[in-house]
Amino acid sequence: MKQTLLWMCAAILTISGISMSARADDFVLPRRDLTITVPQLEPRVVFGEKARRLATLEAPILKSETLGVMDVAGVKGMDEKPFTFSWMRTNPDVKPYKFMDDLTFVGVPLFVAGIIAKGEKHAFRQNDGTRHVLLTDFKTGIDDYTQFFGPAMTVGLKLGGVEGRSDWGRFLASAAMSYGFMAGFVNGIKYTAKEMRPDGSTANSWPSGHTATAFVGATILHKEYGLTRSPWYSVAGYGVATATGVMRVLNNRHWISDVLSGAGIGIMSGELGYAFSDLIFKHRGLLRGDISADHSIIDDPSFFSVSMGMGFGTKNLDFGGETLDDDDDFHLKFRTSTAVAAEGAYFFNKYFGVGGRLRVNSSPINGWSRVLDYANRDVKDIMDELELDKDADLAGLSGIVFNTPEAKPQFTIESDHLTEFAADLGVYFNLPLSRRFALGAKFLAGRSIMQELNLSARYQGNVKQFGEDAMGNSFVTNAMNADGTPKTYNTEWDYFTLDANNTFKFGSGLSLTYAYKDNFAWKLFFDYDVARKTYTLEYNPLHFMREALPDYFATMDIMGELIKTDPTQFSAQDIADYNEFSSLFDPMSTSIKKNRHTFIIGGSFVISF
């Protein structure tokens, strides 16, 4: 019997060694044979806290293929597990959020800034299309897709098994409430305010729905992964949202005021959606809490930021009388500019650091109609100048430019913004005021690169020619094709360009930082830059005349060659008249030097590193 008992103990230890369990009732001990019944086991993959507890057991148990427990040798990688769907799974180690925990209210000043900036549109005269067709050459549909970057990135990470702040049920509820708040605010204001878009298409401009959609999505990405995983998720989300707003302005679909208010609504809607989710669900469905930082952005202020703001300053350029009418002053006005930037600095201590900034500042011209008014007067004046022979019948000039709905003059804005690209380096200063607030300052120097503002024209009309009747009287008539139909022309050229040289620039700035988390902050800033610029204007409204009167200009060109080769055969008055008349058809170019002062006020999303 003693030997039998020893044999039984050995058998039990062996069974335990291969991670199998059996109840005492499962053992039958007949006098002669020992029979062991093993229950059928169901393989399972175990994650999360249970897997971590299993990891503390003896190694033979974890390695048992019979249990089907996942190899947890690398337990640190368990959060990036293959996709498994659960609806309201809760991690008990995560501290529940309270309703006011993550409400920063940063969207409110952005919305108010949009209201303040609305004054810019009152000075802009819309083109009604009755006298000309005004098109824009900058068109992109990218903003129709980038507005959904935030939710697409968030869902993609969740499907990839990257655990975020919330489980699926809580995440979808938070997102639904966020988009619900956003849609209610945007549509309620749009169809009440009825602001006309800058392109004159519809009266639902303010606020920008694309921008609001982009920023509510960026806030969702920030809540789910920026706060719980890495701040660079937040930078990506808000960076793409900012680019979406800028493209809405460049597409001539929105004013800068629309974009600022849309951004404010988007951020506030996202924060409200998550605040109400915290109120409703409490701890349920929370998987991860905020990442903990080993330093505060106030006391260790090395940072990276993305920002957007409004630009003021130099908004007038006066080139004097550069049209054919000497009483005209070519006076250009610009609207409030849109500024976006990426900025960063490394601090050696909590007071002093070095860094740099990349910024794009785009100033749209205030009303192309004034430029076109100049051109219409110039065309009229040149018609009078063409009456070289007082006996000429110029009635035949009718139709030299078509003015039908299908073939009226078209003006294409290839670039309607005078845009500055700037790169700066310099010193940064930080003065902590409290645990959450700090004052900042900077002094920068860099390079300012300008992109030209350009308007091209396309004219169509009948080709004309001069002739004489039997009595020697001059007249103008249509040039004819061989088949007896009138000859026509269709020409396109650079009608108007404004450019500025590339120069060095100097800048400074003040900022107020609010650290709503140890490693996240919102910053209100005021920047000032100055650069000495040479602005060059080229104006060429009459290029089409060479296409409309080819024979006449061919004769004038021959005369010009004769004057160059043998001026003695012409009188001084003839040469002076020729030079004066031919200069009318050359592009007019003039330059002025002026200091470019730029004041930018805006907000930044900031992370520490």
note = Condition set part of a helix (DSSP H, G or I) and among the β-branched types (V, I, T), scope region 188-213, selection surrounded by the fewest Cβ atoms within 10 Å (Cβ to Cβ): answer is T192
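Is it true that R435 is open to solvent by 40 Å² or more (accessible area, probe 1.4 Å), over 22 Å from T534 (Cα atoms) and either touching a residue at least 24 places away in the same chain (Cβ under 8 Å) or of a type in the set (S, T, Y) (or both)?
Details: open to solvent by 40 Å² or more (accessible area, probe 1.4 Å): yes; over 22 Å from T534 (Cα atoms): yes; either touching a residue at least 24 places away in the same chain (Cβ under 8 Å) or of a type in the set (S, T, Y) (or both): yes.
Yes; evaluated as a whole, the condition is true for this residue.
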request  = Select from region 463-504 the residues that are open to solvent by less than 60 Å² (accessible area, probe 1.4 Å) and among the aromatic types (F, W, Y) and write down the one among them that is farthest from K593 (Cα to Cα).
outcome  = Y489
request  = Exactly one condition in (1) modelled with pLDDT under 70; (2) farther than 30 Å from R335 by Cβ is not met by S398; state its number.
outcome  = (1)
query = In this structure, is K533 of a type in the set (K, R), under 49 Å from the mean Cα position of the chain (by Cα), buried (at least 16 other Cβ atoms within 10 Å of the Cβ) and closer than 30 Å to H222 by Cα?
reply = no
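Residue-by-condition table, conditions (1) surrounded by fewer than 16 Cβ atoms within 10 Å (Cβ to Cβ); (2) farther than 26 Å from A500 by Cα:
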| residue | (1), (2) |
| --- | --- |
| H417 | no, no |
| D424 | no, no |
| Y428 | no, yes |
| K442 | no, yes |
| G446 | no, no |
| Q451 | yes, no |
| N454 | no, no |
| G461 | no, yes |
note = All conditions in (1) of a type outside the set (G, A, S); (2) exposed (fewer than 14 other Cβ atoms within 10 Å of the Cβ); (3) not in a helix (DSSP H, G or I) are true of E580 except (3)
inquiry  = Going residue by residue through region 177-187, is there one that turns out to be open to solvent by 20 Å² or more (accessible area, probe 1.4 Å) and within 21 Å of the chain's Cα centre (by Cα)?
reply    = yes
ask   = Within region 74-116, how many residues are surrounded by 16 or more Cβ atoms within 10 Å (Cβ to Cβ), charged (D, E, K, R) and modelled with pLDDT of 85 or more?
value = 1
query = Could you count how many residues in region 144-176 are within 24 Å of the chain's Cα centre (by Cα) and open to solvent by 60 Å² or more (accessible area, probe 1.4 Å)?
reply = 6
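Have a look at S261, S257 and point out the one that is under 20 Å from the mean Cα position of the chain (by Cα), modelled with pLDDT under 90 and open to solvent by less than 10 Å² (accessible area, probe 1.4 Å).
Details: S261 fails: modelled with pLDDT under 90.
After applying the criteria, what remains is S257.
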ask   = Can we say G603 is open to solvent by less than 70 Å² (accessible area, probe 1.4 Å), modelled with pLDDT of 85 or more and either part of a strand (DSSP E or B) or within 30 Å of L510 (Cβ to Cβ) (or both)?
value = yes
message = Looking only at region 506-523, filter to residues that are surrounded by fewer than 21 Cβ atoms within 10 Å (Cβ to Cβ) and at pLDDT 95 or above; which one of those is farthest from G440 (Cα to Cα)?
response = F506
query = Among (1) at pLDDT 85 or above; (2) open to solvent by 70 Å² or more (accessible area, probe 1.4 Å); (3) outside any helix (DSSP H, G or I), where does D586 come up short?
reply = (1)
task = Among the residues of region 268-292, write down those that are farther than 22 Å from W87 by Cα and either among the polar types (S, T, N, Q) or over 30 Å from the mean Cα position of the chain (by Cα) (or both).
result = S269, S292
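The values are calculated or read from the model by the stated rules, or taken from the named source; none is laboratory data. Note that the structure is a prediction, hence the values are computed from the model and not measured. Here the Cβ is made from the backbone with ideal geometry for all residues, glycine too, and neighbour counts use every protein chain on show. For accessibility, only protein heavy atoms count, side chains too; no ligands or nucleic acids. Shrake-Rupley method; radii C 1.70, N 1.55, O 1.52, S 1.80 Å.
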